[in-house]
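Colleague: Before I ask anything, let me first share the structure, which is written out below as structure tokens.
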Amino acid sequence: MPVCPYCKQRLSLQDVKREVHGRGLLKQEIMYSCPYCDAVLGFSRGNYG
């Protein structure tokens, strides 16, 4: 089970907050954050085309 490095709460993929920017057809950026302390856990970027 993953643990938030900031607040030490146990996380699951269903719990992690995702903020998505872009439509996803050509460019999409996603920010993942902890639902308990709102710390940013990571970013993902997809560029297609």
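Colleague: Rounded to the nearest 0.05, what FRET efficiency do residue 9 and residue 47 give with R0 = 22 Å and r taken as the Cβ-Cβ distance? Could you check? Let's see the in-between values first.
Modeller: Details: r = 32 Å, r/R0 = 1.47.
After rounding, the FRET efficiency stands at 0.10.
Colleague: Could you point to the label whose value was computed as Rg and Dmax of the Cα atoms in Å for the structure here, given (i) 12.5, 33; (ii) 12.5, 37; (iii) 12.5, 39?
Modeller: Checking each listed value against the structure points to (iii).
Colleague: Taking DSSP loops as anything outside H, G, I, E and B, show the longest stretch in the chain free of trypsin sites (Lys or Arg not before Pro) there with at most 14 other beta carbons within 10 Å.
Modeller: On the way: sites that count: 8, 23.
That would be 24-49.
Colleague: Can you list residues whose amide H is under 5 Å from residue 41's amide H, if they're 5+ apart or on another chain and H is modeled 1.01 Å from N?
Modeller: 32, 33, 34
Rule-based calculations on the coordinates, nothing more; no lab input. Just so you know, these numbers come straight off a predicted model, no measurement behind them. Neighbour counts are summed over all protein chains in view; Cβ atoms, including those assigned to glycine, are modelled from backbone coordinates with ideal geometry.
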